[in-house]
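One structure is given here, and the rest of the page talks about it.
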Amino acid sequence: MSAANEWIGIDVGGRRKGFHVAVIDDELRLVELARFGAADVLSRALPAHVRMVAVDAPAEWAPPGERSRPCERSFARSRVCGIRFTPDEATAARRADGYFEWIECGLDLWARLRQLDIPVVEGFPTASWTAWLGPPARSTRAVWTTRGLEWLRLQGVTGLDGVRNQDERDAVAAALTARQAVMAGATVLRFGALVVPTAGSSPVGVPSPICEADRP
């Protein structure tokens, strides 16, 4: 690890799936990409020089009696892309199938990051990919974001050869969103804790043009 700033993206899963963590350094290198369990994600995944963490999970439940968070409703009005709404805690507790377990794991992570006084924002990789690349059109999500990695290479991001699956790609997108939020704050939109790049922006600076035929 270098002594420079590092930007962290965490794709949150349930207890069995765990957390996929990407670390981007100031040289725009992906210097770490790994899967961690809940017990290890803070003790082993975070380097010493964290500048910002982007967590791909809601920062809180919806207010009591509501079916979505105000920030989500505001984001939905922006029409960047679709979003799954987060219910209130009581609604989530009534489900017995564990569907919202990943949100519970994410909320625990949020609480622990705040206790450590680590700067953190809420990332939404689907919105980040959409803002950077344009909508996926007829492509599958996997094809779209895999081609998005090639675009990131053109932007100067290195170390991406080991990125193999969607969770890892989303962790990378979250890390780059964290960097963009700090280094190019005028190129992101904020909906409460949720941070989303503006359409046509780049996580590293001025974007390379994307021809319509080359869009993922």
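The values are calculated or read from the model by the stated rules, or taken from the named source; none is laboratory data. Just so we're clear, the structure is a prediction, and the values are computed from it rather than from any experiment. So basically every Cβ, Gly included, is an ideal-geometry build from the backbone, and we count neighbours across all protein chains shown.
As a summary of the residue check, Thr126 satisfies the conditions (1) of a type in the set (S, T, N, Q); (2) touching a Cys at 6+ places or on another chain (Cβ under 7 Å); (3) over 18 Å from Lys17 (Cβ atoms) except for the one numbered (3).
I'd like to check something: does region 184-192 contain any residue that is touching a residue at least 40 places away in the same chain (Cβ under 8 Å), part of a helix (DSSP H, G or I) and aliphatic (A, V, I, L, M)?
From region 184-192, those touching a residue at least 40 places away in the same chain (Cβ under 8 Å) are 189, 191-192; that's our starting set.
Adding the requirement that they be part of a helix (DSSP H, G or I) leaves none.
The answer is no; no qualifying residue exists.
When we screen Ala127, Ala111 for residues that are without any contact (Cβ under 8 Å) to a residue 24 or more places away in the chain, within 24 Å of Trp7 (Cβ to Cβ) and aliphatic (A, V, I, L, M), the only hit is Ala111.
Residues Leu160, Leu113, Leu154, Leu109: which one is among the hydrophobic types (A, V, I, L, M, F, W, C) and farther than 18 Å from Arg35 by Cα? Residue meeting the stated conditions: Leu154. Where helices (runs of 4 or more DSSP H) sit wholly within region 10-99, those with at least 3 residues that are over 20 Å from Asp167 (Cβ atoms) and modelled with pLDDT of 95 or more occupy 70-78, 89-93. Condition (residue is assigned to a loop (DSSP other than H, G, I, E, B) and either over 21 Å from Val188 (Cβ atoms) or polar (S, T, N, Q) (or both)) applied to region 123-134: is it met by at least one residue? No, region 123-134 has no match at all. Checking Glu66, Glu72, Glu89 one by one, the residue that is of a type in the set (Asp, Glu) and within 18 Å of the chain's Cα centre (by Cα) is Glu72 and no other. In summary, Thr140 fulfils each of the numbered conditions (1) more than 19 Å from Cys81 (Cα to Cα); (2) without any contact (Cβ under 8 Å) to a residue 60 or more places away in the chain with the single exception of condition (1). For region 110-126, the candidate set comprises residues that are among the aliphatic types (A, V, I, L, M) and surrounded by fewer than 20 Cβ atoms within 10 Å (Cβ to Cβ); within that set, the residue that is farthest from Ala59 (Cα to Cα) is Leu116.
Name the residues in region 7-47 that are out of contact with any strand residue (DSSP E or B) (no Cβ under 8 Å at 6 or more places or on another chain) and loosely packed, with under 15 Cβ neighbours inside 10 Å, would you?
Result: Arg15, Arg16, Ala39, Asp40, Ser43.
Restricting attention to region 72-100, the residues being surrounded by 12 or more Cβ atoms within 10 Å (Cβ to Cβ), out of contact with any Pro (no Cβ under 9 Å at 6 or more places or on another chain) and over 18 Å from Ala199 (Cα atoms) number 6.
In region 196-216, is there at least one residue being in contact with a Pro (Cβ under 8 Å, 6 or more places away or on another chain), surrounded by fewer than 18 Cβ atoms within 10 Å (Cβ to Cβ) and part of a helix (DSSP H, G or I)? There is no residue in region 196-216 that is in contact with a Pro (Cβ under 8 Å, 6 or more places away or on another chain), surrounded by fewer than 18 Cβ atoms within 10 Å (Cβ to Cβ) and part of a helix (DSSP H, G or I). Tell me, yes or no, whether region 157-167 has at least one residue that is crowded, with 18+ Cβ neighbours inside 10 Å, on the phi < 0 side of the Ramachandran plot and touching a His at 6+ places or on another chain (Cβ under 8 Å). The answer is yes; a qualifying residue exists. Of note, Ala178 does not satisfy the criterion of being surrounded by 14 or more Cβ atoms within 10 Å (Cβ to Cβ), within 18 Å of Trp7 (Cα to Cα) and in contact with a Ser or Thr (Cβ under 8 Å, 6 or more places away or on another chain).
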